Amino acid sequence: MSDVESDEFDESTTLGEYEGDRNEAGERHGVGKAVLPNGDIYQGHYKNGKRHGQGTYQFRNSARYVGCYNQNKKHGQGTFYYPDGSKYEGLWVDDLRQGHGIYTYPNGDTYSGEWLKHMRHGQGVYHYHDTGSRYKGSWVNDKMESSGEFIHANHRYQGNFVSNTPSGPGKYIFDNGCEQHGEFHRQDKAEGESDPTITLKWTPQYFTATQRTPDVEP
């Protein structure tokens, strides 16, 4: 995901051009528009010289933020449009994606869930645009971790995840009502092999029959 040039210019140190309301101390206060020395443009609310309240910040690289500010920082509900075509719509805390939000990636994939300090963290759902599959479960520091499930067109996998990959006990649930229980193991590399790709091996253990519960979109 892109965060290139997503930090606003600090208006408290350099004035630039400004049209709008001011307080008795001459500070930007109320509603105004600023053209900053680096070419960025901000239009919205100010409080005692700082961006505060609703506003729109247009970056010179075509990125754009529309939402709430607190003391010059993105804080509260807001939407950020990135130069690569991706978009984040959700909560911010001190200029960071934090709380619940939806991120749409350039390839059409989406993540809807919890964030912490710009990273996917907590419960969330990742939709893969090309395949229609999705992961629903726990995230830690931007990675699939702990319990979760991969949901595909005619089956799903439920189990534990470590660093974005299944690990340990789990089960495949098929549309015909059959469950295959087993365990994922990481394959050891052959001696001298330098390929960093992780290879997983699924070891089936036993089958059970169950009535499939229809999947409900989150």
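The values are calculated or read from the model by the stated rules, or taken from the named source; none is laboratory data. Remember, predicted model here, so these are calculated numbers, not experimental data. Neighbour counts run over all protein chains shown; Cβ positions are idealised from the backbone, glycine included. Only protein heavy atoms, including side chains, enter the accessible area calculation; ligands, DNA and RNA are left aside. Shrake-Rupley method; radii C 1.70, N 1.55, O 1.52, S 1.80 Å.
Among residues of region 194-205 that are at pLDDT 90 or above, none has a Cβ under 7 angstrom from a residue that is of a type in the set (A, V, I, L, M) at a sequence gap of 6+ or on a separate chain. Checked against (1) over 30 Å from residue 176 (Cβ atoms); (2) in contact (Cβ under 8 Å) with a residue 24 or more places away in the chain; (3) open to solvent by 30 Å² or more (accessible area, probe 1.4 Å), residue 119 passes all but a single condition, namely (2). Taking the criterion of being more than 24 Å from residue 44 (Cβ to Cβ), of a type in the set (S, T, N, Q) and either without any contact (Cβ under 8 Å) to a residue 60 or more places away in the chain or surrounded by fewer than 16 Cβ atoms within 10 Å (Cβ to Cβ) (or both), the residues of region 72-116 that qualify are 107, 110. Restricting region 1-20 to residues that are modelled with pLDDT of 75 or more and surrounded by 13 or more Cβ atoms within 10 Å (Cβ to Cβ) leaves a set whose member that is nearest to the chain's Cα centre (by Cα) is 8. For region 60-71, indicate whether the set of residues that are open to solvent by less than 10 Å² (accessible area, probe 1.4 Å), under 13 Å from the mean Cα position of the chain (by Cα) and of a type in the set (Ser, Thr, Tyr) is non-empty. No; the residues of region 60-71 include none that is open to solvent by less than 10 Å² (accessible area, probe 1.4 Å), under 13 Å from the mean Cα position of the chain (by Cα) and of a type in the set (Ser, Thr, Tyr).
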